[in-house]
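Beneath this line is the structure, given in structure tokens, with notes to follow.
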Amino acid sequence: MTNNDGPGDGFARDLERGRDENAPRLSNVSAGDGIGSALSSTNSSIMGDDIQGDLGEEWGPRHPCYPHLNPHVPVDSVEYATTRIIRVRRDWLLHGDLAPAFSNLYPEILDPAGISEPEFRKVIGKLNAELGETFNPYAGRNVVDSVMGAVTGWLWDDLGLTASKRRLAALEDWMEKWNTEMQKSMSTDDSGLVAPKMIPLRQTGYMTLDIQIPDPEIAPAPSTAGANESRTALTMEPAPAAAMPV
């Protein structure tokens, strides 16, 4: 403390008030062989990713209507070039982590593909109801199957006598039947569209509901210059030719 400081100047600022929100938050710079990456901006999280209000509103892989490349077919197949995947994400508010459940937010890109909003909500309601009853650990039959599995050294499960495995197999059969009905309805239509198809949930680990649709030929999200720095899309129009001097 200098001689010009008053007797109470050193404690003038309330230390319990916390950080001043108006003060800019500077990026941390790794010194030498520092571990981890530095925070990229003033709106960065502890992991270095920019915090945004609603990621679902921006066009990109997290958008509900974003057409993903089809990972369920070989890359050299015709379906890989002509189809895309619409991913319906998990809804953790319905069953929590006890059972898988999927969001009933309707991706409007499914409408031209042949799946209307009432049909989509019927499918999501069917899946969420069946998965909730199948994976509920407090259901009476599931408790009996757990006890029988422990008593028999899990032979009960290996023999396929659990109700959950039978219900999951029945649900997969229902999804395959739905795919067949959509294929028949599209074949009788003169539009020439490829029928949408639900991918079995076991292929996605019950983390997403993948729906295969024809390629809508929508431009992908613009590439980013860095992991945490977004850029606006650049126009694809050719630049005008410069006039040659005479």
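The values are calculated or read from the model by the stated rules, or taken from the named source; none is laboratory data. Small disclaimer: the values here were computed from a predicted structure and weren't measured. Ideal geometry is used to build each Cβ from the backbone, glycine not excepted, and the neighbour counts take in all protein chains shown. SASA here: full protein model, heavy atoms, side chains in, ligands and nucleic acids out. Shrake-Rupley method; radii C 1.70, N 1.55, O 1.52, S 1.80 Å.
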message: Please go through (1) polar (S, T, N, Q); (2) surrounded by fewer than 16 Cβ atoms within 10 Å (Cβ to Cβ); (3) more than 30 Å from TYR80 (Cα to Cα) for ASN142 and return the number of the only condition it doesn't satisfy.
response: (2)
- prompt: How about the stretch 74-90: which of its residues are touching a Phe, Trp or Tyr at 6+ places or on another chain (Cβ under 8 Å) and surrounded by fewer than 16 Cβ atoms within 10 Å (Cβ to Cβ)?
  reply: PRO74, ARG89
- line: The condition from (1) modelled with pLDDT of 95 or more; (2) assigned to a helix (DSSP H, G or I) that GLU79 misses is numbered (1)
- request: Can you work out which of the residues in the stretch 145-170 that are free of Cβ contacts under 8 Å to residues at least 12 places away in the same chain and assigned to a loop (DSSP other than H, G, I, E, B) is most open to solvent (accessible area, probe 1.4 Å)?
  value: TRP154
message: Against the conditions (1) assigned to a loop (DSSP other than H, G, I, E, B); (2) without any contact (Cβ under 8 Å) to a residue 40 or more places away in the chain; (3) open to solvent by 30 Å² or more (accessible area, probe 1.4 Å), where does ALA99 fall short? Just the number, please.
response: (3)
